[in-house]
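Okay, structure first, notes after.
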Amino acid sequence: MSEPQPIDQLFIVSVLGEQSAELRQRLIRDGFRITEMSSAGGLVQELQVSLLIGLNHSRQAALLQHIREC
């Protein structure tokens, strides 16, 4: 088994609560490490989820593809 690549980037991705489940599942399935922070606010108290995603720069394109597809 190869050694994991060092984490050298941190992405903060804000998504609506209803979209977060699919994105979170896709990222975990592809081996990304994530931390989820939920919050509600605004006039309609809509659920917002911020995903903190640490990764090596070589995986940036894969992350952006997952985000676009959700």
Task: Complete set of residues in the stretch 3-21 that are loosely packed, with under 10 Cβ neighbours inside 10 Å, at pLDDT below 90 and not charged (D, E, K, R) - done: Pro4
TODO: Please work out which one of (1) in contact (Cβ under 8 Å) with a residue 24 or more places away in the chain; (2) under 10 Å from the mean Cα position of the chain (by Cα) is the condition Ile34 fails and give its number.
DONE: (1)
Open item on the list: Just the residues that are surrounded by 13 or more Cβ atoms within 10 Å (Cβ to Cβ), within 12 Å of the chain's Cα centre (by Cα) and outside any helix (DSSP H, G or I), please, taken from the stretch 37-68.
Closed with: Val49, Ser50, Leu51, Leu52, Ile53, Gly54, Leu55
Task: Restricting the stretch 3-31 to residues that are among the acidic types (Asp, Glu) and over 17 Å from Leu55 (Cα atoms), the residue that is farthest from the chain's Cα centre (by Cα) - done: Glu18
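The values are calculated or read from the model by the stated rules, or taken from the named source; none is laboratory data. Everything numeric in this text was worked out from a predicted model, so none of it was measured. Note: ideal-geometry Cβ built from the backbone for every residue, glycine included; neighbour counts use all protein chains shown.
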